[in-house]
Amino acid sequence: MHKFVENGGYACLSVTNLEIYEPVSCTKFDNVESLLWFGTETGRVASIVANHSTKYTAFPISHSPVLGLQPTEYGLLSLFKDSVNLNSRTGLNYCTIKTPNMQDLTCFHIMKSNPSNVILRGNQKTISIVDLNVQKETRVVFDSKKSEGSVMRENDDYIFTSDASGSITLRNKTSLECIGEIKAHKGTIVDFDICGNKLITCGMTFNYKGFCPESYIKVFDLRTLNPLPPIALDFAPRFCRFLPENAEDMYVAVSVGGEMVITNLYEPQTTTVHVDNDNCAITALDVSLTNECISIGDQQSFIHIFSNCEVPNYNYINMESVYADPFEQLSRMDFDEMTSLSMVPYKHDLAETLISDWPEEYTYNSYRYLKRENSEILKRD
């Protein structure tokens, strides 16, 4: 039976692992094709066909965990600890970009104004910018924050980055310099999202036991950078994402243990639904562009797809995916004592001679020469 989430109308549409028994490290809906991508802890990337839960493709890229995936017009971009890879959606490797500035990467982001530019950030003193057109690092910016960063977002005005100290930094979209700062948590920010002039975060707090997950969704107004009343939950959220296509203030929050709630900022609901994750940790979450699907990956290699409709669309374009040519199906033949032997196809041996072959003394190469053009015709206008 489907489990519907109150106020959101979402139900578990399918659960699959494509027979890939490796912990899921990240998931991402394709922005142009009807595919759901996911990466594993062992460096493998695979994709699921929409509404079929069947495998489109799966291929290994590295031996280290896949930290992030981003489908682009150039192909599939995958992030690793010390490199970024660009592959075709069928698995062909286009390029691997690796520089001395990429030592401990944790997140990346594709610029909305220039989709060929990719920002790379991690536990290092610099921010790298990679140009997919030339397939190399084109710019390095010194990061004054010098703190671990795990999430990057963008709106019309700023680039937003999180750090281990519990702050979200607003950066200039051109220079990436720090413009402002929002102090959201006492510990690490594990996830945040932006919609319109609202920002929501989930993270860690500090008490007498040390750092522990905080059972709140913090809300901020980006117009004033001031906090709004936080939203208390029955669990400590690990992921939080807006669902703006349904309502501007609607969001989904999921914990490591599999508790999930879909509600809105102004009329929060407390009904919690449990993802059937068999007590395995939830490790990844993504929302489709249409907000019709939510994908949740767990440590046991399963992908849980929730949807608010029976036949959802992952995006607004839905280009056809490239498939291998099907095998030629030969027609069926019935054999009996009256069947002619000539009906049985067989491979022709080029070394054999056929009755229809002409002897060499009666054959020769003949070339047909072009006739010269009539000079009177060439004189005509």
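Among the numbered criteria (1) loosely packed, with under 10 Cβ neighbours inside 10 Å; (2) among the hydrophobic types (A, V, I, L, M, F, W, C); (3) over 21 Å from ASN51 (Cα atoms), which one does VAL311 miss?
All conditions are met except number (3).
Criterion first (surrounded by 22 or more Cβ atoms within 10 Å (Cβ to Cβ), among the hydrophobic types (A, V, I, L, M, F, W, C) and closer than 18 Å to ILE20 by Cβ) does ILE294 satisfy it?
no
Assess whether SER175 counts as being within 21 Å of ALA236 (Cα to Cα) and either modelled with pLDDT of 90 or more or surrounded by 18 or more Cβ atoms within 10 Å (Cβ to Cβ) (or both). Lay out the reasoning, then the answer.
Working: within 21 Å of ALA236 (Cα to Cα): no; either modelled with pLDDT of 90 or more or surrounded by 18 or more Cβ atoms within 10 Å (Cβ to Cβ) (or both): yes.
No: the conditions fail for SER175.
Determine, yes or no, whether THR106 is in contact with a strand residue (DSSP E or B) (Cβ under 7 Å, 6 or more places away or on another chain), modelled with pLDDT of 95 or more and farther than 22 Å from THR174 by Cβ.
no
In the range 65-107, what count of residues is obtained for those that are in a strand (DSSP E or B) and under 17 Å from ASN31 (Cα atoms)? Give the steps one after another, and end with the answer.
Kept after step one, since they are in a strand (DSSP E or B), are these residues of the range 65-107: 68-71, 76-79, 84-87, 93-97, 105-107.
Subset that is under 17 Å from ASN31 (Cα atoms): 68-71, 76-78, 86-87.
Residues meeting the conditions: 9.
Looking for something crowded, with 21+ Cβ neighbours inside 10 Å, closer than 23 Å to SER150 by Cβ, polar (S, T, N, Q) and touching a strand residue (DSSP E or B) at 6+ places or on another chain (Cβ under 8 Å) - is there at least one such residue anywhere in the range 261-271?
Checked against the condition, which is being crowded, with 21+ Cβ neighbours inside 10 Å, closer than 23 Å to SER150 by Cβ, polar (S, T, N, Q) and touching a strand residue (DSSP E or B) at 6+ places or on another chain (Cβ under 8 Å), the range 261-271 yields no hits at all.
Of everything in the range 131-140, what is on the phi < 0 side of the Ramachandran plot and surrounded by fewer than 17 Cβ atoms within 10 Å (Cβ to Cβ)? Give them in sequence order.
ASP131, ASN133, VAL134, LYS136, THR138, ARG139, VAL140
Kindly evaluate SER25 against the criterion of being among the small types (Gly, Ala, Ser), more than 14 Å from the chain's Cα centre (by Cα) and under 20 Å from GLN300 (Cα atoms).
no
Considering each residue of the range 211-223, count those that are surrounded by 18 or more Cβ atoms within 10 Å (Cβ to Cβ) and more than 15 Å from SER255 (Cβ to Cβ), and give that number.
Summing the residues that are surrounded by 18 or more Cβ atoms within 10 Å (Cβ to Cβ) and more than 15 Å from SER255 (Cβ to Cβ) in the range 211-223 gives 4.
For the range 178-210, which residues satisfy the criterion of being in a loop (DSSP other than H, G, I, E, B) and surrounded by 20 or more Cβ atoms within 10 Å (Cβ to Cβ)?
If the condition is that a residue be in a loop (DSSP other than H, G, I, E, B) and surrounded by 20 or more Cβ atoms within 10 Å (Cβ to Cβ), then ALA184, HIS185 are the ones that fit.
Quick check on VAL66: is it more than 30 Å from VAL134 (Cβ to Cβ), surrounded by 17 or more Cβ atoms within 10 Å (Cβ to Cβ), touching a Gly at 6+ places or on another chain (Cβ under 7 Å) and modelled with pLDDT of 95 or more? Even if it seems obvious, please write down each step before you answer.
Working: more than 30 Å from VAL134 (Cβ to Cβ): no; surrounded by 17 or more Cβ atoms within 10 Å (Cβ to Cβ): yes; touching a Gly at 6+ places or on another chain (Cβ under 7 Å): yes; modelled with pLDDT of 95 or more: yes.
Judged against the criteria, VAL66 is not a match.
Scan the range 31-52 residue by residue and report those that are within 16 Å of ILE305 (Cβ to Cβ), in a loop (DSSP other than H, G, I, E, B) and polar (S, T, N, Q).
Passing the criteria: SER34, ASN51.
Looking only at the range 53-64, count every residue that is in contact (Cβ under 8 Å) with a residue 40 or more places away in the chain and in a strand (DSSP E or B) and tell me the total. Explain how you work it out, then say what you get.
Residues of the range 53-64 in contact (Cβ under 8 Å) with a residue 40 or more places away in the chain: 53, 56, 58.
Now narrow it down to the ones that are in a strand (DSSP E or B): 56, 58.
The qualifying residues number 2.
Scan the range 155-169 for residues that are in contact (Cβ under 8 Å) with a residue 24 or more places away in the chain and either more than 23 Å from ARG223 (Cβ to Cβ) or buried (at least 18 other Cβ atoms within 10 Å of the Cβ) (or both) and report the count.
Of the residues in the range 155-169, 9 are in contact (Cβ under 8 Å) with a residue 24 or more places away in the chain and either more than 23 Å from ARG223 (Cβ to Cβ) or buried (at least 18 other Cβ atoms within 10 Å of the Cβ) (or both).
Need a quick list: strands (runs of 3 or more DSSP E) entirely within the range 211-311 having at least 1 residues that are at negative phi and in contact (Cβ under 8 Å) with a residue 60 or more places away in the chain.
Values: elements: 216-221, 226-232, 237-242, 250-255, 259-264, 282-287, 293-298, 303-307.
Because the criterion is at least 1 residues that are at negative phi and in contact (Cβ under 8 Å) with a residue 60 or more places away in the chain, the strands (runs of 3 or more DSSP E) in the range 211-311 that meet it are 250-255, 259-264, 282-287, 293-298, 303-307.
For residues that are modelled with pLDDT of 85 or more, of a type in the set (A, V, I, L, M) and farther than 15 Å from SER215 by Cβ, scanning just the range 244-260, find the one that is surrounded by the fewest Cβ atoms within 10 Å (Cβ to Cβ).
Once the filter is applied, the top-ranked residue is MET250.
The values are calculated or read from the model by the stated rules, or taken from the named source; none is laboratory data. Since we're looking at a predicted model, the values are computed, not measured. Reconstructed Cβ throughout: ideal geometry from the backbone, glycine too, with neighbour counts over all protein chains shown.
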